Amino acid sequence: MEPAIIVHGGAWAIPPEFTERSLAGVRAASLKGYSVLKAGGSAVDAVVAAVTVMEDDTVFDAGHGAVLNLKGDVELDAIVIDGSTLSSGAVAGVQDMANPVQLAHLVMEKTDHCLLVGLGANAFAEEQNIPRLNKYELVTDEARAEWEKYVKFSTTVNALFSARQETMKYPGCDTVGAVAIDSKGNLASATSTGGITAKRPGRVGDTPIIGAGAYADNEIGASSSTGHGESIMKVSLTRRVGELIEKGLTAEQASQAALDYMKTRVGGAGGVVTIDKAGSVAHAFTTSRMAWSQVTQEKLSYGIDPGVVFSDSL
């Protein structure tokens, strides 16, 4: 099997001034993940490596680019799924760490659980010697300014999402994710987010939920999602992509159809990246823009606007 990887850096109204940084970030992440695959690494290792790159890039809302909740705290969510065994690990509401995807990976490898949250997840991070950072090492000046604006107007999560899609300059909707298939044909998916600016403390979106933020099954395919978390959870977006592939749709058709259903059924917008069991790679989004990048057959392709694809040979 020819290895492949595709990553996303969030689906929303990405401002023009973020274009170059967003494209550079997803390109770097896909190349990092692909280097793991070409060296014989597993799909799981590749998606964790790729997402780690984006968590370390402040242009994205994950890890070092996290946003602040209503109380001014950082709460992070992440998930990793191994399509060969259906093993998964996820964390929700963890605080003040740079790479929650690595903690999610440890949940999968070192516990009998699929999801750890809040204080329990933070305690597990301490057991695994994962360093805690001051929240202000993770949050940018722009994110703090947006938090102050949101708190001042005291709007709801749904209103905030709608507003940031159209007008907000620093929305904090750019969840990151990666999907990979390795040389053995094993699939994996990983997703990570810093949440929504000024969200209610304790709010958890789609990211750490199996079948919503991510899904992977060697017998079907794998997907990672981004967008309005409540909508994604309501329709189990990434599992729906898999179900449509099972019905005979291509990875591209299934990704678009699942997003169209979400828009029609619950009015939600977002994006997905997908690889099916045969190694076909696809992306789709119903927001105005989504940063994505893929490496297949020694070719790098990436984009941010609908219908516009850039490519480079490796």
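With respect to the conditions (1) in contact (Cβ under 8 Å) with a residue 24 or more places away in the chain; (2) more than 18 Å from Glu243 (Cα to Cα); (3) small (Gly, Ala, Ser); (4) not in a loop (DSSP other than H, G, I, E, B), Ser311 falls short on a single one, namely (1). With respect to the conditions (1) in contact with a Gly (Cβ under 7 Å, 6 or more places away or on another chain); (2) modelled with pLDDT under 95; (3) open to solvent by 10 Å² or more (accessible area, probe 1.4 Å), Asn69 falls short on a single one, namely (3). Scan the stretch 87-130 residue by residue and report those that are of a type in the set (A, V, I, L, M, F, W, C), closer than 15 Å to Ile209 by Cα and surrounded by fewer than 19 Cβ atoms within 10 Å (Cβ to Cβ). Of everything in the stretch 87-130, those that are of a type in the set (A, V, I, L, M, F, W, C), closer than 15 Å to Ile209 by Cα and surrounded by fewer than 19 Cβ atoms within 10 Å (Cβ to Cβ) turn out to be Cys114, Val117. The condition (being open to solvent by less than 40 Å² (accessible area, probe 1.4 Å), of a type outside the set (S, T, N, Q), out of contact with any His (no Cβ under 7 Å at 6 or more places or on another chain) and farther than 30 Å from Ser183 by Cα) is satisfied by just one residue among Gly202, Gly229, Gly221: Gly229. When residues in the stretch 236-245 are screened for being open to solvent by 10 Å² or more (accessible area, probe 1.4 Å), closer than 19 Å to Lys263 by Cβ and not small (Gly, Ala, Ser), 4 of them pass.
The values are calculated or read from the model by the stated rules, or taken from the named source; none is laboratory data. All of these numbers come straight from a predicted model, not from anything done at the bench. Backbone-built Cβ (ideal geometry, glycine too); neighbour counts: all protein chains shown. Calculation scope for accessible area: heavy atoms of the full protein, side chains included, ligands and nucleic acids excluded. Shrake-Rupley method; radii C 1.70, N 1.55, O 1.52, S 1.80 Å.
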